[in-house]
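Working notes for the structure below.
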Amino acid sequence: MRRALVVFSGRADLPWQRLLRPGFRHCSLIVADGANWLLIEPLASCLQVRSIGSVDADLGSRLRNAGFSVLETNTLPPGDRPAPLGFWTCVETVKRGLGIRSILVQTAWQLFRYIEQKAKITLDVGIN
């Protein structure tokens, strides 16, 4: 498992994205890769992957201060079978990067709620 940040924005580059929930029209994945953060940015035209700085930096707070919604989580270990079929979207890219297999998660807002709920379950289990 790796430490990860899922970043949500209201950016709407394509006309149909305006139909999605404001603030949750796009998502990106940032994964701790050793000493650096690695940005995985799924765009309509390409997939950008680049190093964006030291893991020691409080990147989550900086992104929140810039107006993004950010969830801190961890990647899951790879499964032993193929991921379910899905359209190549930012949400599907982030889901696969995290190891999420739910076919019910299709929008950035659904992904946000899914990760929040899983984090709550993990915290509740850890407390008991």
- Would you mind telling me which numbered condition in (1) closer than 18 Å to E116 by Cα; (2) buried (at least 18 other Cβ atoms within 10 Å of the Cβ); (3) at pLDDT below 95 P42 fails? (1)
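Within the stretch 68-78, restricting attention to residues that are assigned to a loop (DSSP other than H, G, I, E, B) and more than 17 Å from E41 (Cα to Cα), which residue is nearest to the chain's Cα centre (by Cα)? So that I can check it myself, show each step before the final result.
In the first step, residues of the stretch 68-78 are kept if they are assigned to a loop (DSSP other than H, G, I, E, B); the result is 68, 75-78.
Subsequent filtering for residues that are more than 17 Å from E41 (Cα to Cα) retains 76-78.
Numbers: L76: 12, P77: 16, P78: 16 Å.
Looking at residues that are assigned to a loop (DSSP other than H, G, I, E, B) and more than 17 Å from E41 (Cα to Cα), I get L76.
Consider T93 carefully, then state whether it is surrounded by 14 or more Cβ atoms within 10 Å (Cβ to Cβ), at pLDDT 95 or above and hydroxyl-bearing (S, T, Y).
Values: surrounded by 14 or more Cβ atoms within 10 Å (Cβ to Cβ): yes; at pLDDT 95 or above: yes; hydroxyl-bearing (S, T, Y): yes.
Considered against the rule, which asks whether it is surrounded by 14 or more Cβ atoms within 10 Å (Cβ to Cβ), at pLDDT 95 or above and hydroxyl-bearing (S, T, Y), T93 comes out as yes.
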- Query: Right, S69: surrounded by 10 or more Cβ atoms within 10 Å (Cβ to Cβ), in contact with an Asp or Glu (Cβ under 8 Å, 6 or more places away or on another chain) and closer than 11 Å to L5 by Cβ or not?
  - Reply: no
- Query: Are any residues in the stretch 84-97 closer than 15 Å to L20 by Cβ and assigned to a loop (DSSP other than H, G, I, E, B), and if so, which ones?
  - Reply: F87, T89
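Could you run through the stretch 24-44 and say how many residues are farther than 15 Å from E92 by Cα and either assigned to a loop (DSSP other than H, G, I, E, B) or touching a residue at least 40 places away in the same chain (Cβ under 8 Å) (or both)? Outline the logic, then answer.
Going residue by residue through the stretch 24-44, those that are farther than 15 Å from E92 by Cα are 31-39.
Now drop any that are not either assigned to a loop (DSSP other than H, G, I, E, B) or touching a residue at least 40 places away in the same chain (Cβ under 8 Å) (or both), which leaves 31, 34-35.
Going through the stretch 24-44 one residue at a time, the tally reaches 3.
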- Listed residues R81, R101, R50, R21; which is over 14 Å from the mean Cα position of the chain (by Cα), surrounded by 13 or more Cβ atoms within 10 Å (Cβ to Cβ) and not in a helix (DSSP H, G or I)? R21
- Scanning the stretch 2-18 for residues that are at pLDDT below 85 and part of a loop (DSSP other than H, G, I, E, B), which turns out nearest to the chain's Cα centre (by Cα)? R11
- Query: Can you name the residue in the stretch 53-66 that is aliphatic (A, V, I, L, M) and in contact (Cβ under 8 Å) with a residue 24 or more places away in the chain and is also surrounded by the most Cβ atoms within 10 Å (Cβ to Cβ) among such residues?
  - Reply: L59
- Of all residues in the stretch 3-59, count the ones that are farther than 23 Å from Q106 by Cα and not β-branched (V, I, T). 15
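From the residues in the stretch 106-128 that are more than 12 Å from the chain's Cα centre (by Cα) and assigned to a loop (DSSP other than H, G, I, E, B), which one is modelled with the lowest pLDDT?
To start, the set of residues in the stretch 106-128 that are more than 12 Å from the chain's Cα centre (by Cα) comprises 106, 117-128.
This time we only want the ones that are assigned to a loop (DSSP other than H, G, I, E, B), so: 106, 128.
Details: Q106: 94, N128: 40.
Residue satisfying both the conditions and the ranking: N128.
The values are calculated or read from the model by the stated rules, or taken from the named source; none is laboratory data. Computed from a predicted model, the values in this text were never measured in an experiment. Methodologically, a virtual Cβ is constructed for each residue, glycine included, from the backbone with ideal geometry; neighbour enumeration extends over all protein chains shown.
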